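Student: The structure follows.
The values are calculated or read from the model by the stated rules, or taken from the named source; none is laboratory data. Since the structure is predicted, the reported quantities are computational estimates derived from the model, not experimental observations. Don't worry about glycine lacking a Cβ; one is built from the backbone with ideal geometry, like all the others, and counts go over all protein chains shown. The protein model used for the area step is the full one, side chains on, heavy atoms only, and it has no ligands, DNA or RNA in it. Shrake-Rupley method; radii C 1.70, N 1.55, O 1.52, S 1.80 Å.
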Amino acid sequence: MSQAEKNYQSRPKAQADLEQHKQEAGQAGQVPAGPNAKKFKPDNPWKTVKQLFSYFRNNKKLFFAGILCVGLASLTAIALNAMLSPIIDSVVGDFDQPRFVQSLVIVAVIGIAQSAFMYLGGRFNAVLSQRTVTLIRQDLAAKLLHLPMSFFDTHTHGEIMSTFTSDIDTLSQTLDQAVSQFMTSIITFIGTTVMMIILSWKLFLVVAAFLVLMVLFTRFIASRSGRFYRERQGETASLNGFVEEMMTAQKVVKVFNYEDRAMADFEGRAESLRNSATKAASFGVVTWPVMGNLTFMMYAVVAMLGAFQVIAGSMSIGNIAAFLQYTRVIARPITQISQQMNNLFAAIAGAERIFRLLDAPEENMEGPVRLVASCDGQHGLCWRVPAQVEIQEGATRLDPSKLTYFESDPLISSSPGSYKLVPVIGDVRFQDVDFGYVPGQKVLHGVSLYAKPGQKIAFVGSTGAGKTTITKLINRFYDIHQGRITLDGIDIREINKFDLRSIISVVLQDVNLFSGSIRENIRYGRLDATDEEVIEAAKAANAHAFITRLEEGYDTELVQEGEGLSQGERQLLSIARTAIADPVIVIMDEATSSVDTRTEMQIAEGMDQLMAGRTTFVIAHRLSTVRDANAIMVLEGGEIVERGNHDQLMAQKGRYYNLNMGTLELE
């Protein structure tokens, strides 16, 4: 029986497993929704609030103007309620027309002022909110560009995108509405309390008793709802991450008939989000009816006791009317605060995630060795090396006696000192390098190799042997644990990362093209390149021919990473982008492994022109692409098991020989 028949016959069991998976996924809280989806205990809410308000420092005038207008709007609202007393008292008994008219004029003036303050306060807060959110977005974008590669190894793209979208939107709504309402509620509560005490401190004691009940209820709700709002934000991030993953892997989903299982996983995550969101919303829903009933009870008790005081002559009808109005008003701030606390908790949960990302350690780009554009007035790039930095002797064509010395260079240090100019030639050496992505799990073991300027060094070996890891270490995407890597005799850990990467270009198997024209994508390698240089780079990469066949040529707009272009055409654009950067060191990471033989030949022509005169590292599964390499490193298990050129390795009749003869296959 063939394997295909076995697979077909196993479909009923697979379907049964899927049904069980769906059933499990549908159970609330049963499906894990990502590493950050279940535990949402805040690290330090007050620290988060402090960080949030620190963004207002750039808009202090708006912030204080908004607070002032909100405060005045609240005070004018309190004054309007206070005017009930003279208006009613002027018409009860003998009609006091002058006092009545005067009170109406005052009410009109206060009402107009309140409307103006409310508009200005809302306007200032809206502008402040959007400016603050814009600053946070800018900081997040800048942060992402300065995070180390290890950060992206442990965080999904969807999780990061959720911070940019869901968390930012929640924070924006809270800053736009909740903050001003919070301020209004506090000022209204304090002002109303003062007015009620002035009108009748005895009746206020009754109100205070009900207020205590309301505060206790609000605290009870807040202590429980905050956790669910944090869970909701985390579950949202997990769901967004899953959707982003499914969207980018649609072809794989369809090829492997994964639709049903993907839907089951989605339903499980959506169910987890529904549970946490429902629990969070439930506490918000229960707030209004309970607070409303307590308010009605308070109003009824105060009205009854106030009537007795009016009968006894200790209060006027106008006073009790104003007091009753304040009774309705004073409960509103507490209700609004309890309601806004839910929004505030959601915003704090999102802000915690935002500031957790903003507080993540950045990649350290600093290094005392910098790149300069000329060597002692001559053309060519040089490393400016401080005297205290060791330069390894024996590096190709480096003669320490001929290095240029000079004193106190202001571009490097304000303090006096001597520096050396070392020509950039692309001499790369590994010396007993050990490395692992996870502590205690080494990927490379004692790797030693050298690449002389202009040489082509190839890496072959099984998947996971450490080929790509070596090239990542040259770029200093990761730092080694033991050993040493030198460039032109200088330990690369002493070189500024920006300058180091300025002389290195990488051509990857998976080409990343950006939205924009072909011209702009090629110019991405060097932004100040002229149109003529763009065309020359395309010709050097063997891409000019297919570009000119396009209807709009170099102005053809690319979308979705070059959708509509073949894999080979995208790769040629990547090579052109690398060519225009004019690097000293080129890294080819399986650049031709996913194209056909004819396209591979086109790419190879472009690569040959690109690699000419440059130190080149090539990773390849197709051994035909590395036969002309100066040295071939055969890796297994993170170690170099064979090394030499093609003829030497074939003569050894070892692993490389067996790979070429077809008795072994690269996995």
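Student: Within the range 276-298, can you find the residues that are modelled with pLDDT under 85 and surrounded by 15 or more Cβ atoms within 10 Å (Cβ to Cβ)? Please lay out each step first, then the result.
Tutor: Our first condition is that a residue be modelled with pLDDT under 85; within the range 276-298, this holds for 276-296.
Scanning the range 276-298 gives S276, A277, K279, A280, A281, F283, G284, T287, V290, M291, L294, T295.
Student: Can you find a residue in the range 215-223 that is within 30 Å of A351 (Cα to Cα), open to solvent by less than 30 Å² (accessible area, probe 1.4 Å), modelled with pLDDT under 80 and among the β-branched types (V, I, T)?
Tutor: Taking every residue of the range 215-223 in turn, at least one turns out to be within 30 Å of A351 (Cα to Cα), open to solvent by less than 30 Å² (accessible area, probe 1.4 Å), modelled with pLDDT under 80 and among the β-branched types (V, I, T).
Student: From (1) closer than 17 Å to E639 by Cα; (2) of a type in the set (D, E, K, R); (3) open to solvent by 30 Å² or more (accessible area, probe 1.4 Å), pick out the condition that doesn't hold for D434.
Tutor: It is condition (3) that D434 fails.
Student: While we're here: Could you tell me whether any residue of the range 375-395 is open to solvent by less than 30 Å² (accessible area, probe 1.4 Å), at pLDDT below 90 and not in a strand (DSSP E or B)?
Tutor: yes
Student: Can you list residue pairs whose Cβ atoms sit under 7 Å apart, with the first residue in the range 424-441 being in a loop (DSSP other than H, G, I, E, B) and the second being open to solvent by 10 Å² or more (accessible area, probe 1.4 Å) and polar (S, T, N, Q)? Count only pairs 6 or more apart in sequence or on different chains.
Tutor: From residues that are in a loop (DSSP other than H, G, I, E, B), the pairs are I425/T396; D427/T396.
Student: Count, please, the residues in the range 115-167 that happen to be among the acidic types (D, E) and either outside any helix (DSSP H, G or I) or surrounded by 17 or more Cβ atoms within 10 Å (Cβ to Cβ) (or both).
Tutor: Matching residues across the range 115-167 total 2.
Student: Go through the range 403-439 residue by residue and tally those that are at pLDDT 80 or above and among the hydroxyl-bearing types (S, T, Y).
Tutor: 2
Student: Could you grab the pairs with beta carbons closer than 7 Å, sequence gap of 6+ or different chains, first residue in the range 300-323 and without any contact (Cβ under 8 Å) to a residue 12 or more places away in the chain, second one open to solvent by 50 Å² or more (accessible area, probe 1.4 Å)?
Tutor: Pairs that qualify, where the first residue is without any contact (Cβ under 8 Å) to a residue 12 or more places away in the chain and the partner is open to solvent by 50 Å² or more (accessible area, probe 1.4 Å), are V310/I317.
Student: Residues being more than 23 Å from G191 (Cβ to Cβ) and in a loop (DSSP other than H, G, I, E, B): count how many of those fall in the range 296-325.
Tutor: 2
Student: Suppose we filter the range 536-557 for residues that are open to solvent by less than 50 Å² (accessible area, probe 1.4 Å) and either touching a Phe, Trp or Tyr at 6+ places or on another chain (Cβ under 6 Å) or part of a helix (DSSP H, G or I) (or both); how many remain?
Tutor: Number satisfying all stated conditions: 7.
Student: Evaluate the range 168-178: report whether one residue or more is within 28 Å of S282 (Cβ to Cβ) and in contact with a Lys or Arg (Cβ under 7 Å, 6 or more places away or on another chain).
Tutor: Looking for residues that are within 28 Å of S282 (Cβ to Cβ) and in contact with a Lys or Arg (Cβ under 7 Å, 6 or more places away or on another chain), one finds at least one in the range 168-178, hence yes.
Student: May I pose another question? Inspect the range 225-236 for any residue being touching a residue at least 40 places away in the same chain (Cβ under 8 Å), crowded, with 17+ Cβ neighbours inside 10 Å and out of contact with any helix residue (DSSP H, G or I) (no Cβ under 7 Å at 6 or more places or on another chain) and give the result as yes or no.
Tutor: yes
Student: Here's a follow-up. Are any of the residues in the range 314-328 of a type in the set (S, T, Y), modelled with pLDDT of 85 or more and open to solvent by less than 30 Å² (accessible area, probe 1.4 Å)?
Tutor: yes
Student: Something else: Taking the condition open to solvent by less than 40 Å² (accessible area, probe 1.4 Å), in a helix (DSSP H, G or I) and either at pLDDT 90 or above or among the hydrophobic types (A, V, I, L, M, F, W, C) (or both), does V207 pass?
Tutor: Numbers: open to solvent by less than 40 Å² (accessible area, probe 1.4 Å): yes; in a helix (DSSP H, G or I): yes; either at pLDDT 90 or above or among the hydrophobic types (A, V, I, L, M, F, W, C) (or both): yes.
So V207 passes the test.
Student: Run Q648 past the list (1) without any contact (Cβ under 8 Å) to a residue 40 or more places away in the chain; (2) in a strand (DSSP E or B) and report the number of the one that doesn't hold.
Tutor: Failed condition: (2).
Residue-by-condition table, conditions (1) open to solvent by less than 90 Å² (accessible area, probe 1.4 Å); (2) aromatic (F, W, Y); (3) at pLDDT below 85:
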| site | (1), (2), (3) |
| --- | --- |
| R11 | no, no, yes |
| S54 | yes, no, yes |
| G66 | yes, no, no |
| S90 | yes, no, yes |
| D94 | no, no, yes |
| Q97 | no, no, yes |
| I106 | yes, no, no |
| A113 | yes, no, no |
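Student: Can you tell me which residue is most open to solvent (accessible area, probe 1.4 Å) among those in the range 471-525 that are in a loop (DSSP other than H, G, I, E, B) and of a type in the set (G, A, S)? Write out each step before concluding.
Tutor: Here is the first cut: in the range 471-525, the residues in a loop (DSSP other than H, G, I, E, B) are 475-481, 488-489, 496, 503, 509-515, 524-525.
Now restrict to residues that are of a type in the set (G, A, S): 489, 515, 525.
On the way: G489: 0, S515: 101, G525: 31 Å².
Per the stated criteria, the residue is S515.
Student: When the range 615-667 is examined, which residues are found to be charged (D, E, K, R) and at pLDDT 80 or above?
Tutor: R627, D628, E636, E639, E642, R643, D647, K653, R655
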